[in-house]
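The values are calculated or read from the model by the stated rules, or taken from the named source; none is laboratory data. What you see is a predicted model; the values in this text were computed from it and never measured. Backbone-built Cβ (ideal geometry, glycine too); neighbour counts: all protein chains shown.
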């Protein structure tokens, strides 16, 4: 397991969100039925901005060559947590530092990392956006 650190510079934040997701992303299929299964966080956990979040998923779809993790709280924008280039294999098991700020494709600016009690992680095939899975239940991300 490794820890990825997310920078707060505009360039780094834009790179993290470059694979950003829009609110029109299709709903996920039943858990793991389409080849990706989110293992962690999967609901009930509590994390804090500036702290680490353990991300783990498994891919069983032979057509999936890469995947990206996104997180959102509530019904807002999805934010990419790990740049694709830092993912070394398909079955991810890593810790990520939750940044203070993230680049928003909606507002085209840096915003505070979203917090709340209704957060979800989505693991999504980088090429085929219909191959994805989300946390089974919400988790919490608290402000510093």
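Could you run through the range 123-133 and say how many residues are surrounded by fewer than 23 Cβ atoms within 10 Å (Cβ to Cβ) and either in contact with a strand residue (DSSP E or B) (Cβ under 7 Å, 6 or more places away or on another chain) or at pLDDT 95 or above (or both)? Qualifying residue count, the range 123-133: 3. The set of residues in the range 101-122 being surrounded by 15 or more Cβ atoms within 10 Å (Cβ to Cβ) and not in a strand (DSSP E or B) consists of 105, 113, 114, 115.
Looking across the range 103-115, the residues that are under 15 Å from the mean Cα position of the chain (by Cα) and modelled with pLDDT of 90 or more come down to 113, 114, 115.
Rundown of residues vs (1) modelled with pLDDT of 85 or more; (2) within 17 Å of residue 37 (Cα to Cα); (3) under 14 Å from the mean Cα position of the chain (by Cα), yes/no style:
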position: 70; (1), (2), (3): yes, yes, yes
position: 77; (1), (2), (3): yes, no, yes
position: 84; (1), (2), (3): no, no, yes
position: 89; (1), (2), (3): no, yes, no
position: 98; (1), (2), (3): yes, no, yes
position: 141; (1), (2), (3): yes, no, yes
